[in-house]
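Here is the structure we will look at, set down as structure tokens.
The values are calculated or read from the model by the stated rules, or taken from the named source; none is laboratory data. As the structure is a computational prediction, the values presented were derived from the model and not from experiment. Backbone-built Cβ (ideal geometry, glycine too); neighbour counts: all protein chains shown. Accessible surface is based on the protein model in full, side chains and every heavy atom, while ligands, DNA and RNA are left aside. Shrake-Rupley method; radii C 1.70, N 1.55, O 1.52, S 1.80 Å.
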Amino acid sequence: MAIKAVAFDAYGTLFDVYAVTSRLEACCPGKGGAIAQLWRDKQIEYSRLISLSDPTASGSQYYEPFWDLTVKALDYALQRFDIRLGDADIQSILDQYHSLDAFEENAAVLRALKSAGIRTAIVSNGDPAMLNGAVRAAGFDALIDDVVSVDAVRHFKTTPQAYGLVEQTLGLKPCDVLFVSSNGWDVMGAGWFGFQTCWINRAGLPAETIGPRPLHEGHDLNVVLTVLGRQ
């Protein structure tokens, strides 16, 4: 089936969430990597808890922007390791999330898609300020056609409301879109929703053992060009 657009996850796929490790290590010697991992895990866990739960007595949906969850997940990770940092150090760590490093091959892949006339989008849990800052810092402004935040529907991935934003924004059916993510759970959810899927398995992890397997898989973003070449 022909692919009419490519929708990318942001964090871990286009932008390296572990680029914060060096700054964490400078502030927390010997613990930077472990804190970065727990921070990321807790960040995603909080988004799932909010999407799956309704902690308000009134029955209205509870929601916090992804930036707020990111701040609170860092707070938890530091407490878990019994580390107390000053406000300036914490702010310097958080500031990196607005300018995370892009993976080395990404710009060239995005330029190739642009040259081929393939529409591109980011679909992310990140709120607009986070995403716009990361896109701008990476120099991707002219390479990404649409930046889509789940903030518009106040539901995090992997809810249907989050993935449905692709159809609403691009005007395409899920089967016409290649959804690209480095997160196995995200690829699984996207497959359930009906997207063609591509897993960027940078860490060489096993595939999820529930749900649909990714249709395509590669160790970096260059696999997207290979997939498109098979059409």
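Values as computed for the structure displayed
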{"read-out": "Qualifying residue in region 188-201 (condition: out of contact with any Gly (no Cβ under 8 Å at 6 or more places or on another chain), among the aliphatic types (A, V, I, L, M) and not in a loop (DSSP other than H, G, I, E, B))", "value": "yes"}
{"read-out": "Complete set of residues in region 125-143 that are in contact (Cβ under 8 Å) with a residue 40 or more places away in the chain, outside any helix (DSSP H, G or I) and in contact with a helix residue (DSSP H, G or I) (Cβ under 6 Å, 6 or more places away or on another chain)", "value": "ASN125, GLY126, ASP127"}
{"read-out": "Candidates ALA121, ALA152, filtered to the one that is under 25 Å from TYR62 (Cβ atoms) and of a type in the set (Gly, Ala, Ser)", "value": "ALA152"}
{"read-out": "GLN61 being modelled with pLDDT of 95 or more, farther than 30 Å from LEU228 by Cα and either assigned to a helix (DSSP H, G or I) or open to solvent by 50 Å² or more (accessible area, probe 1.4 Å) (or both)", "value": "no"}
{"read-out": "Subset of region 169-212 that is open to solvent by 10 Å² or more (accessible area, probe 1.4 Å), under 18 Å from the mean Cα position of the chain (by Cα) and aliphatic (A, V, I, L, M) - its residue that is nearest to LYS4 (Cα to Cα)", "value": "MET188"}
{"read-out": "Residue within region 96-103 that is in a helix (DSSP H, G or I), touching a residue at least 24 places away in the same chain (Cβ under 8 Å) and within 17 Å of PHE156 (Cβ to Cβ) present", "value": "yes"}
{"read-out": "Positions within region 217-231 being within 18 Å of the chain's Cα centre (by Cα), surrounded by fewer than 18 Cβ atoms within 10 Å (Cβ to Cβ) and either part of a strand (DSSP E or B) or free of Cβ contacts under 8 Å to residues at least 40 places away in the same chain (or both), in sequence order", "value": "GLU217, HIS219"}
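Every residue, every condition in (1) open to solvent by 20 Å² or more (accessible area, probe 1.4 Å); (2) at pLDDT below 95; (3) in contact with a Gly (Cβ under 9 Å, 6 or more places away or on another chain); (4) of a type in the set (A, V, I, L, M, F, W, C), yes or no:
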position: ALA112; (1), (2), (3), (4): yes, no, no, yes
position: THR120; (1), (2), (3), (4): no, no, no, no
position: ALA129; (1), (2), (3), (4): yes, yes, no, yes
position: ASP145; (1), (2), (3), (4): yes, no, no, no
